[in-house]
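Structure first, commentary second.
What follows is calculated from the coordinates using simple rules that are stated; it is not laboratory data. What you see is a predicted model; the values in this text were computed from it and never measured. As a convention, Cβ positions derive from the backbone with ideal geometry for all residues, glycine included, and neighbour counts pool all protein chains shown.
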Number of protein chains: 2
Amino acid sequence: MTLDAVLSRIDQTLPEALARLCDLLRIPSISTDPAFRGDCDRAADWLVADLASLGFAATKRATPGHPMVVAHGGSGGPHFLFYGHYDVQPVDPIDLWNRDPFDPVIEDTPDGPVIRARGASDDKGQLMTFVEACRAWVAVHGTLPGHLTVFLEGEEESGSPSLVPFMRVHAAELSADLALICDTGLFSDGSPAIVTQLRGLAKCEITVQAASRDLHSGSYGGLAANPIHVLTRLLAGLHDDQGRVTLPGFYDGVPEVPDDQRAQWQALAFDHAGYLGDVGLSVPAGEIDRTPLELLWSRPTAEVNGIWGGYTGEGFKTVLPAEAHAKVSFRLVGTQDPSAILDSFRRYLEAGVPADCRVTMGFALGSPASRMAVDHPAFAAARAALTEEWGRPAAFVGAGGSIPIAGYFKSVLGMDAMLLGFARDDDRIHSPNEKYDVESFRKGIRSWARLLARLA
Amino acid sequence: MTLDAVLSRIDQTLPEALARLCDLLRIPSISTDPAFRGDCDRAADWLVADLASLGFAATKRATPGHPMVVAHGGSGGPHFLFYGHYDVQPVDPIDLWNRDPFDPVIEDTPDGPVIRARGASDDKGQLMTFVEACRAWVAVHGTLPGHLTVFLEGEEESGSPSLVPFMRVHAAELSADLALICDTGLFSDGSPAIVTQLRGLAKCEITVQAASRDLHSGSYGGLAANPIHVLTRLLAGLHDDQGRVTLPGFYDGVPEVPDDQRAQWQALAFDHAGYLGDVGLSVPAGEIDRTPLELLWSRPTAEVNGIWGGYTGEGFKTVLPAEAHAKVSFRLVGTQDPSAILDSFRRYLEAGVPADCRVTMGFALGSPASRMAVDHPAFAAARAALTEEWGRPAAFVGAGGSIPIAGYFKSVLGMDAMLLGFARDDDRIHSPNEKYDVESFRKGIRSWARLLARLA
């Protein structure tokens, strides 16, 4: 049984695989901050070298932003393209980390050993599950498991500005029979999961300006407009008292969940109390007439992700600031149009600012929700492979996050995608003290080996 | 005419006086930031040495915070205590300054020469008008102009935590017939002004906490409470659509302006369009049924002076933060009770946070509004001296800002105070590019010389 030989090799060489992952995690490839540009480049170089060592024809490809890694290898059977991203989220608030985010360590916890570092889960640990599966396969068979392309980007955490232009120019090179995307997680009870629907995302930064300079609240308070007040009023008005978003047209294109899907989701018996309890919460927020899984997978949201204005340092400053700012994002579902949503938000803001204030919107970007082609035979193969590895039935689930790449593969390359991954809800991705379970890593590698054996 | 000799000397030695002020301005005595503790100490030393050179028995007096400067000198006639503060506001946003805030320069502008630096107006330039008047007097007469105490603090911009305890301990030493406070300005049309009523101030920092850590809005958005939403809703609810503050009991103790005072204020013909126009605004905000001068001088306010939460750096991070924060202050009038207002605010916040969120209030401090004893003969003397120097009738005015010291002199020492100063509305105090007109400085010094001649 050559698959067994591959699985054994994966288990035997796990320490080396973890050491390689730690090497990659040591590179602080924060794509959103220009200060780390050189590090993003180094991460791409590291991956090119590693893929080349497996027999891939691997290249680093320049873009106006951070480089792409494209690697081709193997032959025979259907052609699969594997996608991951080597960039990571910023690390602030840095003082909440228990250690240097870029000094990875294997840490024992009551729930088993974890890899602790920024990017351990999102997405370096996940993408390396695929690479390590290929490595074990090559070690046992001498060849890659079928015709593969590996496509890794370095701008996923900063909106992927170079991705679509790069795909357009290299459409022939990147087109395969199916894209495999490893940037998602296990279901909250630990069952393996294949994501079949994803929320989209529209986001922007807004600025409210009032006076031409900061004012002393003693000299002007009560007479001069305060842009923080204006901003809080505008943002507070985004939701009604039922938790619904008030923007005109916001719910255009939002479908109700079909009865059969609702039944499947009910069968998952989602433990929302546990899911919220893990992060110190207990009561579902948001629309009051929707179930927790609906809220996460099939309902759109409006969220303020950041707000700032006035004096925010030590002590107190009785200032009336000239400006106040917020970063706002909308999770989208069904056929909601990101541009239409951002336009509606802009009109809402412009209609809501009082005399003497101006509001501007910047950095507006969006991608629609997506729904996978679950009738492609790879989905059944994946369900079987994952069920086998994890000893629990793999589920078709929704996902609350946006992975715009899935939509781009379809819209730009006409290629369907399948999303599976091994992250856990408590991986603290985008938060301080991010981790990835060593067991997610090991069984993740083994899951890919099983799936590639079925697909090859 | 010995007064003429003093006035001439002031004009002749103006360059030296400006050079001395620039020396003091070079010391970055930011009281609110612990990093500048040594600089606050240096500023106190500088003032002690300068006052000693005029014949004052000057001492630096330790407090748990920044030191006090106390100097006694002269003899005969009533005893006046002069108060000023040597600490300055923080300088951020530093990128909006056209030069180093602590590298003072005399700059020509279309409106005449100005001294440009943090603290030029608030309050180093102002306090030095009194010191320079004493210096010229000593040069001409050989003695100080009467029995004087100079009392300078270094914590005015950070809430004066040491002031009342220090006054209590040194009550006998600090008690005089009247306090003279130089921390106010000319009326907006440039007329000299004596402030006879001041708004009080209550302030605090509030924190809304939701989840136990920052969350990914893809994994939790729509289900988990967002503390920024909670904060914006709470702050937006502080005002109704008439601009009135909604806190229960907030208007208890707020008097209507008496008819005779209203008539006086109307006679001032306040140019609110010009006042607002200078800072890029045009429409009075706040309570819609009040006149602009009422809003500034005799109406209470609630203002958010700072707000922060979530991701506020470059780029975008789709985070649901664990916490959101705001700095909030209330300008008070009449007999409004700062503690009662802060209590009402706390109850409002606690009643308004949804399940799973907690709100805490910190750094709560307050001082009530105050009203001066205008029948003290020094007020008539000051009106005459100022009218003579500036060639325009001096007015009794209100002030929107809080100078809690006036209230403390009364409540702790039983001493009345008179507030006069020479700052201009466009001095940008608390803002980038603060300045003080050279003419404010020169005529300010001369005004004190004239007043001291009348009082001595």
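Evaluate chain A: find the radius of gyration of its Cα atoms, find its Kirkwood radius, and give the ratio Rg to Rh.
Result: Rg/Rh = 0.99.
Using amide H atoms built in the peptide plane, which far-off residues or other-chain residues are under 5 Å from B:PHE82 H to H?
For B:PHE82, the qualifying residues are B:THR149, B:VAL150, B:PHE151, B:LEU180.
Would you please give the residues with an amide H less than 5 Å from that of A:GLY200, counting only those at least 5 places away or on a separate chain, with H modeled from the backbone geometry?
Hits under the 5 Å cutoff: A:LEU332, A:VAL333, A:ALA369, A:SER370.
For B:ASN305, what residues show an amide H to amide H distance below 5 Å, using hydrogens built from the backbone and excluding near sequence neighbours?
Correct list: B:LYS327, B:VAL328, B:SER329.
Listed here are the pairs B:LYS124/B:LYS443; A:LYS317/B:LYS317; A:LYS203/B:LYS327; A:LYS203/A:LYS435; B:LYS203/B:LYS443; B:LYS60/B:LYS443; which of them are more than 25 Å apart at the Cα? It would help to have the intermediate numbers written out before the result.
Numbers: B:LYS124/B:LYS443 15 Å; A:LYS317/B:LYS317 28 Å; A:LYS203/B:LYS327 27 Å; A:LYS203/A:LYS435 27 Å; B:LYS203/B:LYS443 35 Å; B:LYS60/B:LYS443 29 Å.
Beyond 25 Å: A:LYS317/B:LYS317; A:LYS203/B:LYS327; A:LYS203/A:LYS435; B:LYS203/B:LYS443; B:LYS60/B:LYS443.
Positive end of the dipole of chain A, charges at C-beta (+1 Lys, Arg; -1 Asp, Glu), about the Cα centre: which of A:GLY142, A:PHE379, A:THR13 has its Cα farthest in that direction?
Positive-most Cα among the choices belongs to A:GLY142.
Short version: ³J(HN,Hα) in whole Hz for each residue of the range A:277-285, in order, from phi by Karplus 6.51 cos²θ - 1.76 cosθ + 1.60 (θ = phi - 60°), x for Gly and Pro, what are they?
Couplings: x, 4, 10, x, 10, 9, 10, x, 8 Hz.
Compute the Cα gyration tensor for the range A:63-211, then decide on rounded, prolate or oblate, letting a ≥ b ≥ c be the square roots of its eigenvalues: rounded whenever a/c is under 1.5, prolate when a/b is larger than b/c in the other cases, and oblate in all that remain.
oblate
Which distances, in nm and shortest first, link the A:ARG262 label point to the same label point in every other copy, taking 7 Å along Cα→Cβ?
6.2
Apply the Karplus curve 6.51 cos²θ - 1.76 cosθ + 1.60, θ = phi - 60°, to the phi angles in the range B:168-177 and return the couplings in whole Hz, x for Gly and Pro.
4, 5, 10, 4, 5, 5, 9, 6, 9, 6
For A:MET415, B:MET167, what's the fewest-to-most ordering of other Cβ within 10 Å of each Cβ?
Listing A:MET415, B:MET167 from fewest to most nearby Cβ atoms yields A:MET415, B:MET167.
Need one number: % antiparallel among DSSP beta bridges in the protein assembly as shown, to the nearest 5.
About 70 percent, rounded to the nearest 5.
Could you give the spread of the C-alpha atoms of the range A:43-87 along their three principal axes, from largest to smallest, in whole angstroms?
34, 19, 15
Label-to-label distances across copies for B:THR109, with labels 7 Å out along Cα→Cβ, in nm, shortest first?
5.7
How much net charge surrounds A:GLY306 when only the other residues with a Cβ under 9 Å from the Cβ of A:GLY306 are counted, with Lys and Arg +1 and Asp and Glu -1? Write down the numbers at each step before the final one.
Details: positive: A:LYS327, B:LYS317; negative: A:GLU205.
Summing Lys and Arg as +1 and Asp and Glu as -1 gives +1.
Run down the aspartates and glutamates and flag those whose C-alpha is under 13 Å from the C-alpha of A:LYS410, throwing out any fewer than 8 positions away in its chain.
Cα-Cα hits under 13 Å: A:ASP177.
Taking the label point as lying 7 angstrom from Cα along the Cα-to-Cβ axis, what are the distances from B:ARG37 to the corresponding position in the remaining copies, in ascending order and in nanometres?
From this label point to the equivalent ones elsewhere in the assembly: 4.1 nm.
If you stretched the chain out fully between B:HIS170 and B:ARG371, how much longer would it get, using 0.36 nm times the residue separation minus the C-alpha to C-alpha distance?
Using 0.36 nm per residue and subtracting the Cα-Cα distance, I get 69.9 nm.
Please give the charge dipole size of the protein assembly as shown, origin at the Cα centre, charges +1 on K and R Cβ atoms and -1 on D and E Cβ atoms. Round to the nearest 20 debye.
200 debye
Quick one: dipole size for chain B, taken about the Cα centre, charges +1 on Lys/Arg Cβ and -1 on Asp/Glu Cβ, in debye to the nearest 20.
Once rounded to the nearest 20, the dipole reads 660 debye.
Along the range A:358-366, what does the Karplus equation 6.51 cos²θ - 1.76 cosθ + 1.60 (θ = phi - 60°) give for ³J(HN,Hα), rounded to whole Hz, x for Gly and Pro?
With the stated coefficients, the range A:358-366 comes to 10, 10, 10, 10, x, 6, 6, 9, x Hz.
Where in the range B:191-221 does the label zone of B:SER411 land, with the point 7 angstrom along Cα→C-beta and an amide N cut-off under 12 Å?
In the range B:191-221, the label zone of B:SER411 (backbone N under 12 Å from the point 7 Å along Cα→Cβ) covers B:200-202.
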